[in-house]
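Single-structure report; data block below.
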Amino acid sequence: MSKQKVLAIVGPTCTGKTALSIKVAKELGGEIICADSRNIYKYFDIGSAKPTLDERQGVPHHLIDVAEPSENFTAAQFRELGTRAIEEISARENLPIVCGGTGFYTRALLEGLSIPAVPPQDDLRKNLASEADEKGNEFIYEKLSQLDPETAIRLNANDRFRVIRALEVCITTGKRFSELAGSRELPYETMWIGLTVTDRSKLRSLIEKRLAEQMELGMLDEVKMLLSKYGRSQKIMNTVNYRDLTAYLAGEQSLESALEGAITHNYQLARRQMMWFKSNPEIHWFYTDETPREKIAEEILGRVRKFWKPSS
């Protein structure tokens, strides 16, 4: 049997992935599976650049708002729900479009990446979290760097949950997380499209522009609401925009400094995203600072029309 066909639109933040995925879905009859580690959580809306209700109008979106901020949603859960979504979309003879910047999610779903089947070790997690509270996130991150440098380089030291999870797997199994996260047979026939820029200064400008728009839309009030409901949780403190504005609201820095920090952290996020995607030679890259986005969209639509045709 031939494999199900899937379109993947990936790349760093602020490069136009959402707009492109919606255009393709509307033109060709597609449904979008969001591959974003914060879009899955309820209430992380403006600050995570979640597709708005207006943007989603007329295009089914999947894996948005599927978890509470108090939950720890894993890549294994994403793969399970994403696999189910692809099967259901294909059964409707629509095109599954996986769109997002979380490389670990797209790899788990589309590249046959195995997720280590190690159950949660509650006592170990608590001990590692206590060490991080006492000595800082860098302390446990350094532990991971010693045990599994390949995984460490792909994580942010402040992403405590994922650092602890990788340490949990290393310590429990005696093997590197990166070693256990091997590959299986590719589950789908995937067309990979990547959006990025050649000039990094232009990416920073795009980040600055989006941040200004997010502030106008009420991102500060969104952060206040999340803090009132959940406090300074790991979800908030590990998420760009939210952690910087939290520091401002706590009186720890000025609004100007918080916004500058958010710009820097978004730029660092974009660089980490590119590290994930550069390892995939199947991605065909388009550069949005060299070619108008309308022209890019038309070329991609032409490619997808040759790749996928509904059976009806």
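Readers should treat all values here as calculations from the given coordinates under stated rules, not as data from a laboratory. Predicted model only: the values in this text are computed from it and were never measured. Here the Cβ positions follow ideal geometry from the backbone for every residue, glycine too, while neighbour counts run over all protein chains shown.
Observations, loosely collected:
- Listed cross-link partners 3/23; 143/175; 23/278; 42/229; 5/309; 3/306 are compared with a 20 Å cut-off, the Cα-Cα value being larger for 3/23; 23/278.
- Anisotropy class of the chain from Cα gyration tensor, a/c 1.5 cut: oblate
- Per-peptide packing, taken as the mean over residues of other Cβ atoms within 10 Å, places 159-166, 187-194, 127-134, 61-68 in the sequence 159-166, 187-194, 61-68, 127-134 from highest down.
- Note that region 102-111 has calculated 3J(HN,Hα) couplings of 8, x, 4, 5, 5, 5, 4, 7, 10, 9 Hz, one per residue in order, obtained from phi through the Karplus relation 6.51 cos²θ - 1.76 cosθ + 1.60 (θ = phi - 60°); glycine and proline are x.
- Aspartates and glutamates with Cα under 14 Å of residue 224, excluding same-chain neighbours fewer than 8 positions away: 45, 244
- Residues whose amide H lies under 5 Å from that of residue 62, counting only those 5 or more places away or on a different chain, are 32, 33, 34; hydrogens are built 1.01 Å from N in the peptide plane.
- Among 203, 180, sorting on how many other beta-carbon atoms sit within 10 Å of each Cβ, with the fewest leading, yields 180, 203.
- In this structure the amide hydrogen of residue 286, modeled in the peptide plane, comes within under 5 Å of the amide hydrogens of 194, 195, 196, none closer than 5 places in sequence on its chain.
- Region 199-312, dipole about Cα centre (Lys/Arg Cβ +1, Asp/Glu Cβ -1), debye to the nearest 20: 600
- Averaging the sequence gap over all C-alpha pairs within less than 8 Å and six or more residues apart, then dividing by the number of residues, gives the chain a relative contact order of 26 percent.
- Length-normalised contact order for region 122-180 - Cα pairs under 8 Å, 6+ apart - percent: 32
- Region 180-312, Cα convex hull volume normalised per residue, Å³: 197
- Across the alpha-carbon atoms of region 28-72, the computed radius of gyration and Dmax are 10.8, 37 angstrom.
- Candidates 178, 149, 132 compared by Cα position along the dipole of region 122-180: farthest toward the positive end lies 178, with charges placed on Cβ.
- Here's the picture: charge each Lys and Arg Cβ at +1 and each Asp and Glu Cβ at -1 in the chain, and of 277, 240, 72 the one pushed furthest to the positive end of that dipole is 277.
- DSSP bridge orientation in the chain - percent antiparallel, rounded to nearest 5: 5
- Once backbone amide H atoms are built at 1.01 Å from N, residue 176 has no partners under 5 Å, excluding neighbours fewer than 5 places away on the same chain.
- Checking every one of the GluC sites (Glu not before Pro) in region 238-312 against DSSP loop status and a limit of 16 other Cβ atoms within 10 Å picks out 252, 282, 290.
- Per-residue HN-Hα couplings for region 29-39 [Karplus 6.51, -1.76, 1.60; θ = phi - 60°; Hz; x = Gly/Pro]: x, x, 10, 9, 10, 7, 9, 9, 6, 10, 5
- A full extension of the chain between residue 295 and residue 26 corresponds to an added length of 95.2 nm, given 0.36 nm per residue minus the alpha carbon distance.
- Here residue 295 is the anchor, and the aspartates and glutamates within straight C-alpha reach of less than 20 Å, apart from those fewer than 8 places off in the same chain, are 27, 199.
- With q set to 0.28 Å⁻¹, the log10 of I(q)/I(0) for region 122-180, from the Debye formula over equal scatterers at the Cα positions, is -1.20.
- Cα gyration tensor, region 98-198 - rounded (a/c under 1.5), prolate or oblate: prolate
- Here the spin labels are modelled as points 7 Å beyond Cα on the Cα-Cβ line, and at residue 117 and residue 284 they lie 3.7 nm apart.
- The mean sequence separation of alpha-carbon pairs under 8 Å and at least six residues apart, normalised by the residue count of region 197-275, gives a relative contact order of 31 percent.
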